[in-house]
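Student: This is the structure I want to talk about, given as structure tokens.
Each value in this text was obtained by applying a stated rule to the coordinates, not by laboratory testing. Bear in mind the structure is a predicted one, so any value in this text is a computation, not a measurement. So basically every Cβ, Gly included, is an ideal-geometry build from the backbone, and we count neighbours across all protein chains shown.
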2 protein chains.
Amino acid sequence: MSNTPQRVPDTKERILDAAEKLFGQNGFTATSLRDITAEAGVNLAAVNYHFQTKESLFEAAIARRMEPVNRRRIELLDAAGANPTLEQILLAFLSPLFVRHPNEAIGLMSQILATPDSFVRQLFKKHLAGVVNRFVEALQQALPNLTRTEILWRLHFTAGSMAHLMARGSVLPEISEGLCNPSDRPAVLARLVTFAAAGFRADAWGGDAGLGGEAA
Amino acid sequence: MSNTPQRVPDTKERILDAAEKLFGQNGFTATSLRDITAEAGVNLAAVNYHFQTKESLFEAAIARRMEPVNRRRIELLDAAGANPTLEQILLAFLSPLFVRHPNEAIGLMSQILATPDSFVRQLFKKHLAGVVNRFVEALQQALPNLTRTEILWRLHFTAGSMAHLMARGSVLPEISEGLCNPSDRPAVLARLVTFAAAGFRADAWGGDAGLGGEAA
DNA sequence: GTATTGCTCATACGTTCGTTTCAATCATAC
DNA sequence: GTATGATTGAAACGAACGTATGAGCAATAC
């Protein structure tokens, strides 16, 4: 059980590949194990042999992509020195998602953020909360005028832009006459950083925003 | 079929209420008709009698909330005159979601944006595309320095922030030590408008954003 | 060789899903 | 009153789901 030979028949990885593709595209509930094994070209029972349950498979797919992403995030944040700029922080947080296996990492990431099941929220805590706190600290240092609350909200907005962007680049092309091409990833990343950085630098909201009792 | 008596037994509305609550919370696939009829306290067959299919019920729930929201959006945009400010445009687009039946309208709205099923994307086109185009025009007028492409991207980011915020205020509290309270809706709306307005006003991205070939 | 272990296969279990059926009910029209 | 047509109820349909089982196969250990 511990250090067995491991013939590397790679069916385990084929399952993970198919799982991250389909989970990322369609979400957890909308993806069946039969979809995954069909995509992977393996037997249905293999998924229960290598991973025990569907939830475990989801977590394994998350872990495989999220761990290198998070490592790279911390790496980039550290490399930016003791006083990173806002853009450096945002790039450290966002750019690892766009590299190497972008479609998959990105899809899974937004599924973590978007799936309301309680076990997925635990995955969020496990794989994301620590990194997020590290970045909140860096943002507080870079933006001393903002309260921690304000920073959390704006990071939340940024994460939403990212998540929305990634899971479904599908929505936008339909209304944009092809002007938005989500597959040009470096450009998308740059646009997102530009947008988010400006949002973070906005003066903190002080009271009324011109609602006039609209949202009472 | 046309002008039948209509005893208003309100079981149809009870189904819609339950549907918009549960669809908004858990999404389309993760919500079963039995969940809905249990929540509504009606018989399972009633949903197939009043609405024919699960997809039709989803669309009916969307339509009931989206139509007044979209009407109010256009109303506010028109009320802002011929040259609305960026904040007026964003408020016109976002504030109707936070009024009256906010949790439900908001949850359904983000489900439209987040569900990859093809029929949901058709709902997006049907209920959202027209309004979105109207707002893109207004934004182009208010921000003449930005290309249409740039505006579409930033509206996309804003929609993502909104969608993420709404469907799952659940994620943030867990890492924010309670500092973010999504139920204080006027404050959330104001923060979102502040963030998005600053993002829209950012200088358009011109070329490189400091990636250094990271996302090659 | 045989034994053992790691893995894959076909198949089936029990449950839940969306949908359907049809008899029972109710308010109104006559 | 009875007839009519709109609604509701209990029960069931076939299909798809996640999971489990046990035989079969390949490779190493002895």
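Student: Treating the beta-carbon of each Lys and Arg as +1 and of each Asp and Glu as -1, no other charges, what is the dipole magnitude of segment B:1-145 about its Cα centre, to the nearest 20 debye?
Tutor: In debye, rounded to 20, segment B:1-145 gives about 180.
Student: If you don't mind, there's one more thing I want to ask. Label-to-label distances across copies for A:Gln141, with labels 7 Å out along Cα→Cβ, in nm, shortest first?
Tutor: 4.7
Student: Using the Kirkwood radius over C-alpha pairs as Rh, can you work out the diffusion coefficient of segment B:69-133 via Stokes-Einstein at 37 °C, viscosity 0.692 mPa s, in µm² per second?
Tutor: My calculation gives 260 µm²/s for D.
Student: Just flag the trypsin sites (Lys or Arg not before Pro) in segment B:49-144 sitting in loop per DSSP whose Cβ has no more than 16 other Cβ atoms within 10 Å.
Tutor: Of the trypsin sites (Lys or Arg not before Pro), the ones in loops of segment B:49-144 whose Cβ has at most 16 other Cβ atoms within 10 Å are B:Arg100.
Student: Using 7 Å Cα-to-Cβ label points, what is the A:Arg148/A:Asn48 separation (nm, one decimal)?
Tutor: 4.7
Student: Hey, which of these cross-link pairs are over 32 Å Cα-Cα: B:Lys12/B:Lys126; A:Lys54/B:Lys12; A:Lys54/B:Lys126; A:Lys125/B:Lys125? Show your work: numbers first, answer last.
Tutor: Working: B:Lys12/B:Lys126 23 Å; A:Lys54/B:Lys12 36 Å; A:Lys54/B:Lys126 35 Å; A:Lys125/B:Lys125 35 Å.
Result: A:Lys54/B:Lys12; A:Lys54/B:Lys126; A:Lys125/B:Lys125 exceed 32 Å.
Student: Which one, B:Thr37, B:Ile74, B:Thr85, is farthest towards the positive end of the dipole of segment B:7-117 when Lys and Arg carry +1 and Asp and Glu -1 on their Cβ?
Tutor: With unit charges placed on the Cβ atoms, the residue in question is B:Thr37.
Student: Further question on the same structure: For A:Ala79 and A:Arg201, what does the FRET efficiency come to when R0 = 30 Å and r is the distance between their Cβ atoms, rounded to the nearest 0.05?
Tutor: Using R0 = 30 Å, I get an efficiency of 0.85.
Student: Short version: ³J(HN,Hα) in whole Hz for each residue of segment A:105-122, in order, from phi by Karplus 6.51 cos²θ - 1.76 cosθ + 1.60 (θ = phi - 60°), x for Gly and Pro, what are they?
Tutor: Going residue by residue, I get 4, 5, x, 5, 4, 6, 5, 4, 6, 9, 8, x, 4, 5, 5, 6, 5, 5 Hz, with x marking Gly and Pro.
Student: Another one. Shortest first and in nm with one decimal, please list how far the A:Thr85 label point sits from its counterparts in the other copies (point 7 Å along Cα→Cβ).
Tutor: Values, ascending and in nm: 2.9.
Student: Which distances in nm, rounded to one decimal and ordered from shortest, link the label point of B:Tyr49 to the equivalent label points in the other identical copies, with labels set 7 Å from Cα toward Cβ?
Tutor: In nanometres, ordered from closest: 5.1.
Student: So what are the ³J(HN,Hα) numbers for segment A:86-96, from phi and the Karplus equation (6.51, -1.76, 1.60; θ = phi - 60°), rounded to whole Hz, Gly and Pro as x?
Tutor: Ordered by residue, 3J(HN,Hα) equals 4, 5, 4, 5, 5, 5, 4, 6, 9, 4, x Hz.
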